[in-house]
Structure formats: C-alpha cells, structure tokens
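**Q** One structure, pasted below without further comment.
The values are calculated or read from the model by the stated rules, or taken from the named source; none is laboratory data. What you see is a predicted model; the values in this text were computed from it and never measured. Glycine also receives a Cβ, built like all others from the backbone with ideal geometry; neighbour counts cover every protein chain displayed.
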Amino acid sequence: MKVAACEFSVARSAGLRPGLFSAAIFDGCLSFILKGRELKKVPTDSKSKTQLYYQLASQLSSLLAGERDLIANAANFSALVYHSLPDLNWAGFYFAKNDGLVLGPFQGQPACMRIKIGQGVCGAGAATCDTVIVPNVHEFPGHIACDSASNSEIVVPLLKGEKLIGVLDLDSPVLSRFDREDAKGLEQLVKILLSSVTS
Ligand code: SME
C-alpha cells in the first residue's frame, strides 16, 4: 500500500470533511480512512471500476466458500457490496415468494417489505428478468421511495436457469451512479452468489 498525501479537493468531491481522515491508494482505488475504519473507496480512473469488481468477485468467492445457505450468503454479499462500492445508500435483496417480492438481507435504511412483480424498479427487474438501470429514480414511473436519499438505482435479477429467485437492488444518492460496467460487474457477483448456494 502506498500512502499518498491527502488531497482536500478530491476528498471534498467524495463528500468527506477535510481533516477527519487520511487517504491511501490501495489496489488502484483511492481509499479514505476515518478513525481507523475504511470509509469509502472512490475509483480513480475508468480502469479501476473494472478492477474493483474483479477484486470484489474474488473477495466474494472467498467469503461464500464453505456456506451454502442463501440467506447467510446474501447477508454477507450485501455487507461486502455496501461497504466496498462508493456512493451507495442501500444494497440488498428481495426474494421471489408467492407471486411477489419479499425483503431479504440488506444494508441501509429500513425498506418496504413486499413489492408486486411489475411494481417499481425491483418489480420491473423481476418482470423482465433483465438488469434495470435507472439514472434518475424521480423520473421512473412507479418508483417506490424507501429512502428519500436515493436518486439512482440498479436492479439485477437472480435467475437459476429460467426460474426467478429474486433481485439484487442497489440505491445511490448520486444521479446516474450506475452504468453498464456496474451491471456487468454486479451480474458476475450475482452468479457467484447463486453458484454458492444449494438449489
Ligand atoms: N426503489 C425500489 C424499492 C426498494 S428500495 O429502493 C430498497 C423500487 O422502486 O422497486
């Protein structure tokens, strides 16, 4: 790890208060450390987002190795993603149950517990079985606002063959936070989760 001098302007752009942190370059990511705890990682160039997902895939595989319970693995998945990706205010799962979606393990503010298929962004992902990227949730018809801090969102379906297991949902306070690269990276992470659990 190379320790770099802290750049206040960079820290401000990452929403951090100067003077309360130190910064370091770690594996291609600028990391901010507050009171000894890593607070936030900000990709420093376009290449590092790919690198970040590559590292996350490796960390997730190690984390889930040896456990085959969906709830346990989904819980650790959401904690890992929430604390590793920058600019998230919610990361978690809804599982398909009785023709709807039911809240699963997550990190963030308390959220709505049941969503109908086709309703909101999660319901749209479940209905289409495709990843949904929403640059501005306030412009998405039917968006369900669980946390008023959310401005953009991505939903990735969990599919075992053709069967819908549930969806992964990430929210961000930043507009247009998620792009195709996030979709690709998250779809890969979801594959790791699904292959870790008993069918
Ligand atoms: N916004 C989601 C609801 C779930 S929360 O974001 C956690 C939606 O529109 O489906």
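**Q** Which members of segment 110-136 meet the condition of being assigned to a loop (DSSP other than H, G, I, E, B), more than 8 Å from the ligand (Cβ to nearest atom) and of a type outside the set (A, V, I, L, M, F, W, C)?
**A** P110, G118, D130, T131, P135, N136
Quick grid of which residues meet (1) in contact with a strand residue (DSSP E or B) (Cβ under 8 Å, 6 or more places away or on another chain); (2) touching a residue at least 24 places away in the same chain (Cβ under 8 Å):
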| residue | (1), (2) |
| --- | --- |
| A91 | yes, yes |
| Y94 | yes, yes |
| Q107 | yes, yes |
| I117 | yes, no |
| N151 | yes, yes |
| V155 | yes, yes |
| K191 | no, no |
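**Q** Could you count how many residues in segment 149-172 are surrounded by fewer than 24 Cβ atoms within 10 Å (Cβ to Cβ), within 12 Å of the ligand (Cβ to nearest atom) and assigned to a loop (DSSP other than H, G, I, E, B)?
**A** 2
**Q** Let me ask you something else. Write out, first by first residue and then by second, each pair whose Cβ atoms fall under 6 Å of each other, whose residues are 6+ apart or on separate chains, and whose first residue, in segment 120-133, is under 10 Å from V156 (Cβ atoms) while the second is more than 13 Å from the ligand (Cβ to nearest atom) and assigned to a helix (DSSP H, G or I).
**A** These pairs meet every condition: T131/A183.
**Q** Just one of (1) at positive phi; (2) modelled with pLDDT of 95 or more trips up P110, so point out which.
**A** Here P110 clears every test but (1).
**Q** So R180 passes all but one of these: (1) closer than 15 Å to A91 by Cα; (2) in contact (Cβ under 8 Å) with a residue 24 or more places away in the chain. Which condition number does it fail?
**A** Every listed condition holds for R180 apart from (1).
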